Amino acid sequence: MEKMKKWIVGLASVLVLSACGSSGDNTVTMYTHNDEEEMQSFASAVEEETGVNIDVLRMSSEEAWSRIDSEYPDVNADMMWGMLHSFALVAEEEDMLEPYESDTWDDVPDEFKDPDGQWYGWSYWFNAVAINEDLLDELGLDRPESWEDLLDPQYEGEIVLPDPGTSGTAFLFVSTLMQEMGEDEAWDYLDELDNNVGQYSQSGSAPAQMTSQGEYAIGITWDQAIFDRMEEGYPIDIMIPEEGVGFDLDVAWIFQDADNQEAAEEVIDFIGTDEGMELAAEYRSMVTKPDVEGTIDFEPNLIDYDAVWAAENRERIMNEWQEKFD
């Protein structure tokens, strides 16, 4: 069967957010992959609490990393708030990060932060599958319960999946399969899944939106993107595949030789406070500060995901993905 793919045309929009629209020594320029709504809330809270102004440039994870990699050593941002842990490990290896030891993070477990203060993990999230139950019923499709189920020919053209070339959510999905199945079997799986994919989206949240609007019956995405649409009343549900899902630590860091390092340090301090973590918990399933509960009240089926392996093998995996599917 000839493979047919529908790709979202054009570049993903790059959204500039500003807490106050001003500039100066007390303004921090920030890159992020976080969603617009939560970053508006985070930036406003930082300004109110610390007086630091935030200018945010929002991109997908892969776009942000490409930008950082091309700009380094003169990165046009002071810090990152919201990025994959695996990218933090690469940035650390390449000496892109400025160490800063923040006292507000003392009670956050060591596994969620760099011992030298080069990066701080503030929340973590996981892959999940969005299911439009109304569309499944309308099309007479069974509800999938596993990654394996998604290979069933009945779902041909009804799955939307982010493109790992632009989406950290998609790379988490791909690297999870490789850690669960082994690389050869994972590539075979992705090749077979491609027969059912109706579109590869540019962002990791797009499949949740497209599924909620009835464009596709199934979307491979991340947890909070689904929960947000469920809260908005869309006819979608979350499915955690029975094989388990990968998860990733979302991190913040300061770039080496940042123009406004002191102001960036104040932002790092704020993120680690009870107030900062409680605000993050309004938008994220899980945060890293003990005793601060996120948005979910169940234990997701998470695999023992190896972020170090993902960081070390990302470039090779991405090159092979592009050869196979671009």
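Every read-out reported here was derived from the displayed coordinates using simple, explicitly stated rules and does not represent laboratory data. Quantities reported herein were computed from a predicted structural model and do not represent experimental measurements. Positions of Cβ are generated from backbone atoms using ideal geometry, with glycine treated the same way; all protein chains shown enter the neighbour counts.
DSSP beta bridges confined to the chain are antiparallel in about 65 percent of cases. Sorted on the mean count of surrounding Cβ atoms within 10 Å across their residues, most packed first, peptides 25-32, 48-55 read 25-32, 48-55. Each of 131, 303, 240, 159 was scored by other Cβ atoms within 10 Å of its Cβ. Listed from fewest to most, they are 303, 240, 131, 159. Karplus-based coupling profile of the stretch 276-287, in residue order and whole Hz: x, 5, 5, 5, 4, 5, 6, 10, 10, 4, 9, 10, with θ = phi - 60° in 6.51 cos²θ - 1.76 cosθ + 1.60 and x standing for Gly or Pro.
Using only side-chain charges placed at the Cβ, +1 for Lys and Arg and -1 for Asp and Glu, the dipole size of the stretch 126-200 relative to its Cα centre rounds to 380 debye. Between helix 36-50 and the chain there is an angle of about 20 degrees, using the helix long axis and the longest principal axis of the Cα atoms. In this rough spin-label picture, where each label sits 7 Å from Cα along the Cβ direction, the residue 262-residue 275 distance is 2.0 nm. Look at 274, 269 and count the other Cβ atoms within 10 Å of each Cβ; fewest to most, that gives 274, 269. Of 102, 70, 167, the sequence from fewest to most neighbouring Cβ atoms within 10 angstrom is 70, 102, 167. Taking packing as the residue-averaged number of other Cβ atoms within 10 angstrom, the listed peptides 118-129, 88-99, 315-326 run from highest to lowest as 118-129, 88-99, 315-326. Its DSSP H runs of at least 4 residues, each contributing -39,500 (n - 2.57), put the calculated 222 nm mean residue ellipticity of the chain at -11000 deg cm²/dmol, to the nearest 500. Label positions at residue 139 and residue 230, each projected 7 Å from the Cα along the C-beta direction, are separated by 2.1 nm.
Between helix 61-71 and the chain there is an angle of about 50 degrees, using the helix long axis and the longest principal axis of the Cα atoms.
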